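Step one of this worksheet: look at the structure below.
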Amino acid sequence: MNPKRVKVPERSPEERIDDFGEVPLGYSPDQAVEEAKRCLQCKKSPCISGCPVDIDIPKFVNEIAERDFKDALETLKEVNCIPAITGRVCPQEEQCEAVCVMDKAGDPINIGKLERFVADYARENDLEEPPEVEEVKEEKVAIIGSGPSGVTCAAMLAQDGYQVTMFEALHEPGGVLKYGIPEFRLPNEIIDHELEYLEQLGVDMKMNRIVGQNVDLDELEEKFDAIYVATGAGAPRFLGLEGEDLKGVYSANEFLTRINLMKAYKFPEYDTPITHMKKVGVIGAGNVAMDAARSALRMGAESHIVYRRTTEWSPARNEEIEHAKEEGVTFDTLCNPKRFIGDEEGWVKEMEIYECELEEPEEDGRPSPKVLEDTEHKKEFDTVVIAVGQTPNKVFYENAEGVDVKHWGGIIIDEETRMSTREGVFAGGDAVSGAATVILAMGDGRKAALNIMEYLA
Ligand code: FAD
Ligand code: SF4
Ligand code: SF4
């Protein structure tokens, strides 16, 4: 038994920093089988409890070991309609892989990359069967938002025969998967392919529909028997610092949406302008910050993460931090911005920064950063990206009478029924929890679908 996992081939940093092509290349069939054979097939399978959607991990891993790749796909799809996506972006090291018993003997089983392998192999070798759908039921359900939470809920309901219509504000479905996560981590063609599953299930996808603006919740209520709100947390947080309104200071959402969804990196082939950047300072150190810093690098800029703690406390996935470092992103740690300074035409040209030191841990177990007085110094940046978190967008909840929200905009639900304070309107994903993860949003979508079925029955 090899205690070490089979390494996943990756493109070299030198090769990849000039384009938006995917970084890890994924396992070959032989490599996947070798990795799968390391699984001990534990009776209690702690790994399953680490997965928010309860994938039968030992089963699908064993099917890979037996080269039954088609069966492995079916096992995954029983509870996860987008395995090619979760296999790529799940924070596995904190979930299924964190509790894998092989962790104690060496490396945990590479569950995420095996999941990705199965989905990719099935797609590339035409192994996917059209989903089986129950007899069509009379009840109609509206899903608001086409991110992972809405997609999961829609797929489960449609598979069970409910008539499902999805309303999405943007012109393409996928939520953050499409507009936030860059193609070097999650290629758009993978998302589009996984979303075809919804079409096969007969889900009616309506784009450019903003509920609360050009679609009215009361009207939806008249036409549908239940509603699932999965509008995510797409409104950026700002720091409230002097100079934050200068030209060249972006929220991470705008910066990444321009680059990913609107393909500014292919300008002028795509008509999306973005400033010509030479030196970019990204404030924050989560997944969003890593994505922005690595995108800036690929746009030809020198790229810096400006973070008030040290890298070990960064909330980003380990893989993203390692990739960012390999590619040449500079980490300016123990640094907190004080203000942004502009030139005479109103463009940002410098960031004034305090140095910090770490104090006792905060409630979340992370040490709190203390700003050190009289340590201010200026650094030149012609572009600044603020990546310090997102909150739910007001457009939905300010126009949804009877749907109560917390002070920061998170929709209040009954934990058991998943229903909001308005009868028949359910909610989940980032719109309820605040910015979280793809798989937690999917877990919410799954729970909501089961509760909606019970409610409609
Ligand atoms: P979203 O994905 O936000 O989807 C909500 C959808 O609702 C959007 O398409 C939006 O346009 C639509 N919408 C909003 N308001 C309305 C309205 N009024 N009417 C109609 N439609 C509306 N998580 C991970 O697990 N791994 C990662 O590596 C990772 N990286 C990330 C990188 C970035 C840049 C970002 C921003 C997030 C990342 N996350 C990651 C977090 C993860 O993507 C989210 O937690 C997840 O997408 C939430 O899913 P959701 O379905 O709740 O919402
Ligand atoms: Fe692990 Fe995520 Fe796959 Fe669940 S969906 S098994 S948490 S990688
Ligand atoms: Fe396999 Fe690890 Fe799950 Fe055990 S805990 S069954 S070794 S994946």
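Scanning for something near ligand 1 (Cβ under 9 Å from one of its atoms) and under 22 Å from residue 20 (Cβ atoms), does segment 254-266 turn up at least one residue?
The first filter runs over segment 254-266 and keeps only residues near ligand 1 (Cβ under 9 Å from one of its atoms), leaving 256, 260.
Then drop every residue that is not under 22 Å from residue 20 (Cβ atoms), which leaves 256, 260.
The answer is yes; a qualifying residue exists.
Any residue at all in segment 137-147 that is assigned to a strand (DSSP E or B) and either closer than 29 Å to residue 250 by Cβ or without any contact (Cβ under 8 Å) to a residue 12 or more places away in the chain (or both)?
Here is the first cut: in segment 137-147, the residues assigned to a strand (DSSP E or B) are 140-144.
Now restrict to residues that are either closer than 29 Å to residue 250 by Cβ or without any contact (Cβ under 8 Å) to a residue 12 or more places away in the chain (or both): 144.
Scanning segment 137-147 turns up at least one residue that is assigned to a strand (DSSP E or B) and either closer than 29 Å to residue 250 by Cβ or without any contact (Cβ under 8 Å) to a residue 12 or more places away in the chain (or both).
May I ask you to verify whether residue 150 is surrounded by 17 or more Cβ atoms within 10 Å (Cβ to Cβ), assigned by TED's automatic domain parsing to the domain that holds residue 436, assigned to a helix (DSSP H, G or I) and of a type outside the set (A, V, I, L, M, F, W, C)? Break it down stepwise before answering.
On the way: surrounded by 17 or more Cβ atoms within 10 Å (Cβ to Cβ): yes; assigned by TED's automatic domain parsing to the domain that holds residue 436: yes; assigned to a helix (DSSP H, G or I): yes; of a type outside the set (A, V, I, L, M, F, W, C): yes.
It is true that residue 150 is surrounded by 17 or more Cβ atoms within 10 Å (Cβ to Cβ), assigned by TED's automatic domain parsing to the domain that holds residue 436, assigned to a helix (DSSP H, G or I) and of a type outside the set (A, V, I, L, M, F, W, C).
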Can you tell me how many residues in segment 225-253 are within 12 Å of ligand 1 (Cβ to nearest atom), under 30 Å from residue 457 (Cα atoms) and outside any strand (DSSP E or B)? 3
Yes or no: residue 202 out of contact with any His (no Cβ under 8 Å at 6 or more places or on another chain), free of Cβ contacts under 8 Å to residues at least 12 places away in the same chain and small (Gly, Ala, Ser)? no
Could you run through segment 288-322 and say how many residues are under 15 Å from residue 382 (Cα atoms) and not in a helix (DSSP H, G or I)? 8
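Restricting attention to segment 66-106, which residues are among the aliphatic types (A, V, I, L, M) and closer than 17 Å to residue 47 by Cα? Spell out the reasoning first.
Here is the first cut: in segment 66-106, the residues among the aliphatic types (A, V, I, L, M) are 72-73, 76, 79, 82, 84-85, 89, 98-99, 101-102, 105.
Within segment 66-106, 72, 76, 79, 98, 99, 101, 102, 105 meet the criteria.
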Return yes when residue 160 is without any contact (Cβ under 8 Å) to a residue 24 or more places away in the chain, touching a helix residue (DSSP H, G or I) at 6+ places or on another chain (Cβ under 9 Å) and within 27 Å of residue 74 (Cβ to Cβ) and no when it is not. no
Segment 64-121, residues that are within 13 Å of ligand 2 (Cβ to nearest atom), in contact with a Lys or Arg (Cβ under 8 Å, 6 or more places away or on another chain) and not in a helix (DSSP H, G or I): 91, 108, 109, 110
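The values are calculated or read from the model by the stated rules, or taken from the named source; none is laboratory data. As the structure is a prediction and not an experimental result, all values here were calculated from the model. Every residue, glycine among them, receives a Cβ derived from its backbone with ideal geometry; neighbour counts consider all protein chains shown.
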